[in-house]
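Please read the structure below before turning to the comments.
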Amino acid sequence: MRKQARAPTHPGIILKEILDETGCSLVDAAREMSVDATVLEQFIQGKIDCTPELAKKLAELTKTSAESWQNMQDRLIEHQKMKQSADSLNQFTEEHGLFSDEFRKF
């Protein structure tokens, strides 16, 4: 089987790296962005997605573009959809014996 590409990094992990590098605490970042610290913590943990509103606030905080944050989220969502589709197809073909193991190597 073909090796699957690595999943894109959740934008919350990128934010965590930025906060760590700059020495900015999560609480300070949340205050600066006018968002609840719990929401920002969930975002950093990858539990919630980057919404357009959050992307704008992240852009202001990091002096980047909202589009860059939204693009990171969009790539992650697209990858998750593709993986789910591939997993469903693999399960279907295995359940119905449609392809031999030799064929799956390609």
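For segment 32-65, taking the residues that are among the acidic types (Asp, Glu) and more than 14 Å from the chain's Cα centre (by Cα), the one that is nearest to Lys16 (Cα to Cα) is identified as Glu41. So, Ser68, is that one within 18 Å of Glu17 (Cβ to Cβ), of a type in the set (Ser, Thr, Tyr) and either under 17 Å from the mean Cα position of the chain (by Cα) or at pLDDT below 95 (or both) or not? Taking the combined requirement at face value, the residue satisfies it. Among the conditions (1) buried (at least 17 other Cβ atoms within 10 Å of the Cβ); (2) more than 27 Å from Ala5 (Cα to Cα), Leu76 misses just one, which is (2).
Those residues that are β-branched (Val, Ile, Thr) and surrounded by 14 or more Cβ atoms within 10 Å (Cβ to Cβ), I need them from segment 14-46; list them, please. If you could, list the steps in order and put the result at the bottom.
Filtering segment 14-46 for residues β-branched (Val, Ile, Thr) gives 14, 18, 22, 27, 35, 38-39, 44.
Result: Ile14, Ile18, Val35, Val39, Ile44.
Scan segment 55-64 and give yes if some residue there is among the β-branched types (Val, Ile, Thr), in contact with a helix residue (DSSP H, G or I) (Cβ under 7 Å, 6 or more places away or on another chain) and without any contact (Cβ under 8 Å) to a residue 12 or more places away in the chain, otherwise no. Can you show your working first?
Taking segment 55-64 and keeping what is among the β-branched types (Val, Ile, Thr), we get 62, 64.
Okay, now just the ones that are also in contact with a helix residue (DSSP H, G or I) (Cβ under 7 Å, 6 or more places away or on another chain), so 62.
After this cut, where a residue has to be without any contact (Cβ under 8 Å) to a residue 12 or more places away in the chain as well, the list is none.
Checked segment 55-64: no residue is among the β-branched types (Val, Ile, Thr), in contact with a helix residue (DSSP H, G or I) (Cβ under 7 Å, 6 or more places away or on another chain) and without any contact (Cβ under 8 Å) to a residue 12 or more places away in the chain.
Taken over segment 1-12, the residue count meeting the criterion of being under 21 Å from Thr64 (Cα atoms) and exposed (fewer than 14 other Cβ atoms within 10 Å of the Cβ) is 1.
The values are calculated or read from the model by the stated rules, or taken from the named source; none is laboratory data. Remember, predicted model here, so these are calculated numbers, not experimental data. As a convention, Cβ positions derive from the backbone with ideal geometry for all residues, glycine included, and neighbour counts pool all protein chains shown.
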